[in-house]
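Participant: I have a structure here, written as structure tokens, and I will follow up with some questions on it.
Each value in this text was obtained by applying a stated rule to the coordinates, not by laboratory testing. This is a predicted model, so every value here is computed, not measured. Ideal geometry is used to build each Cβ from the backbone, glycine not excepted, and the neighbour counts take in all protein chains shown.
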Amino acid sequence: MANNKEQRLPSHEEYLPHLAYDLVIFGFNGKQLKILILEYNNTGFFALPGGFVKRNEDVEEAVKRCLRERTGLDNIYLEQFFTFGSASRSRPDIMRTILEANDLQTDENYWMLNRFISIAHYALINFDEVHPTPDELSDSINWYAINELPTLMMDHQEITDKALEVLRENLDKKLIGMNLLPERFTMKDLQEVYEAILGKKVRRTTFQRKMLSKDFLTRHEKLFTGAAHKAPYLYSFKSQDDKGSQNKKAS
């Protein structure tokens, strides 16, 4: 008679074969850009969170489901950035090791041992609001600094590198949708996020002038934590609705 774990083996009748997704979940802890990494039970394998798409499910809904299960959060900035389909992604030995480490026995034709094309997404998330939760096959899920990652299985380092490349290229365009900062933040907070993503320092006066010229920030009261004359202003991102209203008034 099959045990409970064997009964929980995902069925090919429930999921689309050969299609997977991987997630690069970025968080900023005030100093470093980090990502969430899983460690599979009793294997020493480290991996990005990911999963499979149900037959009655949109790809984006599957990814949002994974995000919610791994972080406890909804309404996260999410973007599809690349598709990974190399023939070398077929690694049945790795998947079999993961399953067997969890006392899950399969035959040679089990669908999860096949080659998968992965639709990769990245998410931008408020570090302080996350409650990391591993999946059923994992020992843990933890934050790792982007330059201090463990050795990742398969092509997950390549996926991570590509996500960071795309994030850097689109940083100015995507800034308004960021979840990396609290709702209100100082210009210094914003600069530190930029520097963490870019991996280099930027000049304070030049950065501030650039940000204010883009007209996507709303200035609020000062953050009084010490001397009043040194208190920095707080800012928030203007919503798309706010920007639209301003454009109508100007026309």
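Participant: Which of 223, 33 comes first, and how do the rest follow, when ranked by fewest Cβ neighbours within 10 Å? Before the final figure, lay out the partial values.
Facilitator: Details: 223 15, 33 22.
Ascending Cβ contact count within 10 Å gives the list 223, 33.
Participant: Net charge around residue 69, counting only other residues with Cβ within less than 13 Å of its Cβ (Lys, Arg = +1; Asp, Glu = -1)?
Facilitator: Values: positive: 64, 65, 68, 70; negative: 61, 74, 135, 136.
Neighbourhood net charge equals 0.
Participant: Under 11 Å from the Cβ of residue 27, count the other residues' Cβ atoms, weight Lys and Arg +1, Asp and Glu -1, and hand me the total.
Facilitator: Combined, the nearby Lys, Arg, Asp and Glu give -1.
Participant: On a 0 to 90° scale, report how tilted helix 240-250 is relative to the longest principal axis of the chain, with both axes built from alpha carbons and the result rounded to the nearest 10.
Facilitator: 40
Participant: Ok, one more. Can you give the relative contact order of the chain as a percent, counting alpha carbon pairs under 8 Å and 6+ residues apart?
Facilitator: Values: 382 pairs, mean separation 57.7, N = 251.
Relative contact order of the chain: 23 percent.
Participant: Something else about it: I'm a student and want to see the number: the projected area of the Cα convex hull of the chain, averaged over all directions, in nm². Numbers along the way, then the final one.
Facilitator: Numbers: hull surface 67.9 nm².
The number I arrive at for the chain is 17.0 nm².
Participant: Can you list residues whose amide H is under 5 Å from residue 82's amide H, if they're 5+ apart or on another chain and H is modeled 1.01 Å from N?
Facilitator: Placed amide hydrogens put 120 under 5 Å from residue 82.
Participant: Return the distance in nm (one decimal) between the two label points of a simple spin-label model at residue 198 and residue 88, each offset 7 Å from Cα along Cα→Cβ.
Facilitator: Output for this residue pair reads 3.2 nm.
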